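Encoded as structure tokens, the structure appears first; notes follow it.
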Amino acid sequence: MTSFLDFEKPIAELEARIAELRATADGSDLDIGAEIAKLEKKSAAMLTGTYAKLSPWQKTQVARHPQRPHFVDYIRLAFNDFVPLGGDRLYGEDAAIIGGLAKLDGRKIMVIGHEKGQDTASRIKHNFGMAKPEGYRKAIRLMEMASKFGLPVVTLVDTAGAFPGVEAEERGQAEAIARSTEACLGLQVPMVAAIVGEGGSGGAVAIASANRVLMLEHSVYSVISPEGASSILWRTPDKAADAATAMKVTAQDLLDLAVIDGIVPEPVGGAHRDPAGTARALADALGRELAALDGKDTAEIVRQREERFLAIGAL
Amino acid sequence: MQTGPFNEIGTHHMSWLSKVRNSLSSLAKRDTPDNLWMKCPSCSQMLFAKDFEANLSVCPHCQHHGRIGAEARFDLLLDAGYTVLSTPKVPENPLGFRDTKKYSDRLRAARASNPYPDALTNALGTIEGMKAVLGVQDFKFMGGSMGMAVGEAFVAGVERAIAEKCGYVICTAAGGARMQEGILSLMQMPKTTVATRRLAAAGLPYIVILTDPTTGGVTASYAMLGDVQIAEPGALIGFAGQRVIQDTIREKLPDGFQRAEYLYDHGMVDMVVHRKDLKTTLATLLGYLNRKEVA
Ligand SMILES: [Zn+2]
């Protein structure tokens, strides 16, 4: 069962009507069959129409949809032979960031990403995708290992932000994020990042400072949540939609600003309506980006990554 | 829940008269005609403004370190005869941002009451005879927030240090990222880190002086990457804002949380140094870390 977002209410009502008709129809009533077909066509058109012109705030909600595919789904659907590697060797294992060895269309890689969890128990286990210093230090460890063994790095970014808590501060959240960004920039191997849900601030950048950065069509990437910007800049919690528009958080905006390099299309109605199809599109896009970086020497890979970030926003 | 690493001080707009020196900006102003007296925000002692300034804007009673601007820092840390470097030009209001006011109007107001065009200014000079580039972030300019101008100035300062074959010293102060530049402010985190990596590759020292306050994306990038990390006493230094943390954990924050001494106790800085001792500390460090004497 798909759960509907607020702005999908008309579609939800149509779908409920269709389900109702289906329950009453016995299969022989051609009139009801025709009515169902008509409503299904209408519903599909409404879904297409709605998703073709999502506002930045609506996209934020799609990006945060509870059923949106997450890291563990993509591991299952887009990668093979995943070998998870745990721990930062310094403090602990942080399940908000998962990483390990994997194959992408036969290519051996290191894959790292945030995991938010999909039900109450797993959301708590993964701390809602909000990593602590040990999560970023694990990412650093895995990136350095990838560099050592010549494995390209793929990251899947999906976090509201790094965890804001006392113990995270105590163990050096800021330093861990800064070092993780530094580790991305120092990689002697190609790195491709994809924002698959929320790219929340420093907690996202820490594993997204890559040679190539992609975004799923309805994902968002932002310096602060629209709610946070609303309360700080407008001094009211009610301006999140305005803040989302003003800050330019969508994949389409960020491609225009040359902050990202490409958009991976999502199925009509968003990734959660077809996780397998989304995973295929993501795997294809990641594979293409990695192939484009094949054969470049190490110095060129490092320099291209540096120049990419130096050039953003230049006059 | 808001999880971004920013707190409200990042955009706090100070409405001081342009004549009031940066050095007074964190102190409660008393309503006397000449503002000759002020109250220390830490110990509440009444201070004579001139004495306070003469004491490097440190309260003589409780050693509270007031916030000071770029000029005061240059004078404090560099030998006489330094050169203030020009600030790189960047696109103005690249997103056409407006909240309750246009970002371009906020910028104009900030420039009207500040000596430099944005929140980070570099100077080239010497520290007890040793050449160095010193960058200073000024909290008075839109909360020191990091937008493209700050990121570009940081990169330019480091590049100048590399060209001069000398170390780069940065005094950080920021409430976080310049939200009005959206994602472009966030992109300054990797951009400035490219610069610190290049400085390291050139074998040149990078020294960070964390001043009050340093939070958010600035802390989570160049402010934590120094070869040596120095903090001024009592400075607020952290990633997440205290209000955000409190909203998350719903309990009282520990005493001294996110203060310089707390960071020292948790292994995040090398030393906490009184303002009056900063220059000699820098000189000692550069003396060790510079590969050869440069003057
Ligand atoms: Zn005092």
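At a glance:
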{"item": "Set A:GLY165, A:GLY202: member being facing chain B (nearest Cβ under 8 Å) and under 20 Å from the mean Cα position of the chain (by Cα)", "result": "A:GLY202"}
{"item": "Identity of the residue in the range B:198-215, within 11 Å of another protein chain (Cβ to nearest Cβ) and not aliphatic (A, V, I, L, M), that ends up surrounded by the fewest Cβ atoms within 10 Å (Cβ to Cβ)", "result": "B:ARG198"}
{"item": "Total residues in the range B:41-55, condition near the ligand (Cβ under 7 Å from one of its atoms) and either open to solvent by 80 Å² or more (accessible area, probe 1.4 Å) or in contact with a Pro (Cβ under 9 Å, 6 or more places away or on another chain) (or both)", "result": "1"}
{"item": "Residue match in the range A:117-132 (condition: away from chain B (no Cβ under 11 Å), of a type in the set (Ser, Thr, Tyr) and over 21 Å from A:ASP297 (Cα atoms))", "result": "yes"}
{"item": "Yes/no for A:GLY228 being under 21 Å from the mean Cα position of the chain (by Cα), modelled with pLDDT under 95 and facing chain B (nearest Cβ under 9 Å)", "result": "yes"}
{"item": "A:ALA194 vs. criteria outside any loop (DSSP other than H, G, I, E, B), open to solvent by less than 10 Å² (accessible area, probe 1.4 Å) and either without any contact (Cβ under 8 Å) to a residue 60 or more places away in the chain or on the phi < 0 side of the Ramachandran plot (or both)", "result": "yes"}
{"item": "Flag for B:VAL218 being within 22 Å of A:GLY202 (Cα to Cα), within 13 Å of chain A (Cβ to nearest Cβ) and in contact with a strand residue (DSSP E or B) (Cβ under 7 Å, 6 or more places away or on another chain)", "result": "yes"}
{"item": "Test result for A:LEU90, part of a helix (DSSP H, G or I), more than 13 Å from the chain's Cα centre (by Cα) and on the phi < 0 side of the Ramachandran plot", "result": "no"}
{"item": "Cross-chain or 6+ apart pairs with Cβ under 9 Å, the range B:152-181 first and charged (D, E, K, R), then assigned to a strand (DSSP E or B) and crowded, with 24+ Cβ neighbours inside 10 Å", "result": "B:GLU152/B:LEU120; B:ARG160/B:ASN122; B:ARG160/B:VAL133; B:ARG160/B:TYR168; B:GLU164/B:ALA132; B:GLU164/B:VAL133; B:ARG178/B:MET146; B:GLU181/B:MET146"}
{"item": "Residue tally, condition surrounded by 18 or more Cβ atoms within 10 Å (Cβ to Cβ) and in a loop (DSSP other than H, G, I, E, B), over the range A:50-61", "result": "1"}
{"item": "Test set (1) within 11 Å of chain B (Cβ to nearest Cβ); (2) over 17 Å from the mean Cα position of the chain (by Cα) - A:MET145 fails condition number", "result": "(1)"}
{"item": "Condition check for A:ARG64: of a type outside the set (Asp, Glu) and open to solvent by 70 Å² or more (accessible area, probe 1.4 Å)", "result": "yes"}
{"item": "Residue among A:ALA176, A:ALA208, A:ALA204 that is outside any helix (DSSP H, G or I) and in contact (Cβ under 8 Å) with a residue 24 or more places away in the chain", "result": "A:ALA208"}
{"item": "Verdict on A:ASP238 being free of Cβ contacts under 8 Å to residues at least 24 places away in the same chain, more than 10 Å from chain B (Cβ to nearest Cβ) and either assigned to a strand (DSSP E or B) or not β-branched (Val, Ile, Thr) (or both)", "result": "yes"}
{"item": "B:VAL155 vs. criteria surrounded by fewer than 24 Cβ atoms within 10 Å (Cβ to Cβ) and within 13 Å of chain A (Cβ to nearest Cβ)", "result": "yes"}
{"item": "Unique residue being farther than 18 Å from B:THR172 by Cβ and either within 16 Å of the ligand (Cβ to nearest atom) or not aromatic (Phe, Trp, Tyr) (or both) when the list is B:ALA123, B:ALA109, B:ALA70", "result": "B:ALA109"}
{"item": "Selection status of A:LYS103, more than 14 Å from every other protein chain (Cβ to nearest Cβ), open to solvent by 10 Å² or more (accessible area, probe 1.4 Å) and touching an Asp or Glu at 6+ places or on another chain (Cβ under 7 Å)", "result": "yes"}
{"item": "Residue within the range B:222-232 that is in contact (Cβ under 8 Å) with a residue 60 or more places away in the chain, within 23 Å of A:PRO164 (Cα to Cα), more than 8 Å from chain A (Cβ to nearest Cβ) and open to solvent by 10 Å² or more (accessible area, probe 1.4 Å) present", "result": "no"}
{"item": "Flag if A:ILE260 is touching a strand residue (DSSP E or B) at 6+ places or on another chain (Cβ under 8 Å) and within 10 Å of another protein chain (Cβ to nearest Cβ)", "result": "yes"}
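The values are calculated or read from the model by the stated rules, or taken from the named source; none is laboratory data. None of the values given here were measured: they were computed from a predicted structure. Every residue, glycine as well, gets a Cβ built from its backbone with ideal geometry; the counts of neighbours run over all protein chains shown. Side chains are part of the model used for accessible areas, which takes the heavy atoms of the whole protein and leaves out ligands, DNA and RNA. Shrake-Rupley method; radii C 1.70, N 1.55, O 1.52, S 1.80 Å.
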